[in-house]
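Inspection log for the structure reproduced underneath, given as structure tokens.
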Amino acid sequence: MQSTGILETAKATNPVKDLQKFGQSVWLDYIRRNLITSGELQRLIDEDGLRGITSNPAIFEKAISGSNDYADLLKSLQSRTDLDAKARYEILAIRDIQDAADLLRPVYQETKRRDGYVSLEVSPYLAHDTEGSIQEARRLWKAVARENVMIKIPGTPEGLPAIQQLISEGININITLLFSQKVYVQVTEAYLAGLEKLAASGGDVSKMASVASFFISRIDSLVDSEIENRLKHAKDAREQAQLKSLLGKVAIANGKLTYQLYQSIFSTTRWKKLASLGAKTQRVLWASTSTKNPAYRDVLYVEELIGPDTVNTIPPATLHAFRDHGHARLSLTEDVDAAKETMETLAKVGISIDQVTSKLTEDGVRLFEEAFDKLLQAVEKSTKSQTSPKINRQSYRLPETLTASVKHHIDDWRAGGKVRRLWQRDASLWTGTDEANWLGWLNVTEEELGQEQKLRSVAEEIKKEGFRDVLVLGMGGSSLCPEVLALTFGPISGYPKSYVLDSTDPAQVKAFEQKVDVAKTLFVVSSKSGSTLEPNIFKQYFFERVKQTVGADKAGSHFIAITDPGSKLQQVAEADHFRHIFHGVPSIGGRYSALSNFGLVPASLMGVDPVNFLDRTEEMVEACASCVPVEENPGVVLGIILGTAA
């Protein structure tokens, strides 16, 4: 959901634009007011060949809470006592949707209605209300009054008849929250039946458009978690090999087989009859394509799902990453037999894809409802008590000479487009060498929000098992954030007390050992490289102490490792049967790792809710976005002041 500078400097080729060569359209999974008014959206259309936009309540909530984009309209709505929070939100959202649709209108015309759409979602509260969804979709369609808009309806059992009815009325529909191949078939049936009804009533099916939004990364997140749990208890080498072979593979396999269904359904005699009337296929749209697991390539779910007549709606950070180092190829029809084998293996190891997708749908509805709750709360607060977002406006007072120098640098950043270039990871802002490889912290909150349930689950697990203390064993960047959090929040009722050991001084080690009950302590060994001397020494010492106290067979259950994928520490943790292994992000340096697992795992264990923590952080991300004027960008201004005064 975060905004980034998502345009790049001139390159010989643009991998994002290259996707069109393989028949795939790129839409942006993001919207906010300044994206439209700053000219950034138009540049994306011109330079990246952007062909559409999707929005959702979570995106709007972050934009409203973390920016001043909506201050003018929010202020004008304060006197509208006749409007509730939902009506006020719709006024904000519809203005953005209309303006974005107008910018995309040329794309809509050039592609003969195939692309150029902006999606607006019905209330998530209506996910299980057929008639309510129909009525709201009709109302929003009429209110936006743009041909190149799609109304988003979830693919729930109650949503399916609403989809069919709305299609039959000539309303463009984006079917969201799809995970299951079985449900996908039902969605295509609703589309076909709706078109047939529209044609029978004399409607023009050639003007209709629809996409089936199939969610990707969430499948791997849930399946991988189940596999990791099973690996802890798998004794047979063959079973372990089968389980490991599935890690990071199921979501893509599921997507490829869904595309096979698409090709089959839209080549039938039934479809050809509709096509003869000018109807267009209901394309598969890949959603949730940002990588949540730092062990996987950050553009994995873009590179492996490229094929004709598809759409990929990509969040800003992933869009930039693909532009920077992605490779476009016709991948969607590759290794289909291997995809079938993956799904067969999943069933053989006892993991039901039907249960997985059913849970993901339920969770998706709940998460959208929670996001909508937060959105309405943000609107209510902004229109009743204040016109500014929750982020405080920045002010500073400096000596006159320093003020002049700061203003000079602010002007320089504005003239040079440096905020946008920073979000683009433009290495020329530094030495022009490898700096772009170390800016993973720019989009880390977006990635970490994808694993919030795992963080919560582990925290509850440790709490329930009676651990009284958590001792983080680290050095430098891996220990700074946990120490700050422990000092800031202090002990949180019901959760273990957190300590940080970052010195090999024998007296300090002994002091910490005396503070905790080894038998009731969880040790978090934290090292990015996995080869830092101090954490390794700590691990060896305390692992022996735990073995002496609880026994060699139980010692590993008292340890968690946080390290970059494939490190020496990961190998040690696996050999010693650590309770959990969390990965860092290789593109984030140690002292910038606070919002990665190096900070979030200790935070969660001590009782800090990761979702609330990251949500508040996302508000600041929005305040520091590339489309925010330099002088209003708190992160940039603070950085300029510190750099100038240094």
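So here's what we get for this one:
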| quantity | calculated |
| --- | --- |
| Pair LEU330, LYS86: separation of 7 Å Cα→Cβ label points (nm) | 4.7 |
| Along principal axes, Cα extents of the stretch 19-373, largest first, whole Å | 68, 49, 40 |
| Net +/- balance of residues flanking ILE153 in space, Cβ distance below 14 Å, scoring K and R +1, D and E -1 | -3 |
| Percent of Cα pairs exceeding the 18 Å cut-off, where the set is the stretch 495-548 | 29 |
| Packing-based ranking, highest mean first, of 624-631, 222-229 given that Cβ atoms within 10 Å are counted | 624-631, 222-229 |
| Whole-angstrom gap from the stretch 406-447 to the stretch 577-625, using each part's C-alpha centre | 21 |
| Length gained when the stretch ASP102-THR504 is fully extended (0.36 nm per residue, less Cα-Cα span) | 138.5 nm |
| Which of PHE179, PHE467 has the fewest Cβ neighbours within 10 Å, and the rest in rising order | PHE467, PHE179 |
| Linear extension gain, HIS128 paired with SER531, 0.36 nm per residue minus alpha-carbon span | 139.9 nm |
| Pairs of Cα atoms farther than 31 Å apart, the stretch 443-623, % | 9 |
| Approximate spin-label separation GLN240-PHE22, in nm, with each point projected 7 Å along Cα-to-Cβ | 3.5 |
| Hz values of 3J(HN,Hα) by residue in the stretch 96-110 - Karplus curve (6.51, -1.76, 1.60), Gly and Pro given as x | 5, 4, 4, 5, 5, 4, 5, 5, 8, 4, x, 5, 4, 6, 5 |
| Relative contact order (percent, whole number), the stretch 443-623, Cα cutoff 8 Å, 6+ residue spacing | 30 |
| Anchor LYS418: lysines whose Cα lies under 20 Å away (excluding residues fewer than 8 positions away in-chain) | LYS11, LYS407 |
| Difference of contour (0.36 nm per residue) and Cα-Cα distance, GLU362 to SER201 | 54.4 nm |
| ALA71-ARG95 pseudo-label distance in nm [points 7 Å out on the Cα-to-Cβ vector] | 1.4 |
| The chain - Rg over Rh from alpha carbon coordinates, Kirkwood radius | 0.98 |
| Pairs from LYS374/LYS454; LYS244/LYS359; LYS256/LYS568; LYS62/LYS528; LYS292/LYS539 whose Cα-Cα separation, in the structure shown, is over 24 Å | LYS256/LYS568; LYS62/LYS528; LYS292/LYS539 |
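Here, each number is a calculation from the coordinates, and none is a lab measurement. Note that the coordinates shown come from a computational prediction; the quantities given were computed from them, not determined experimentally. Note: ideal-geometry Cβ built from the backbone for every residue, glycine included; neighbour counts use all protein chains shown.
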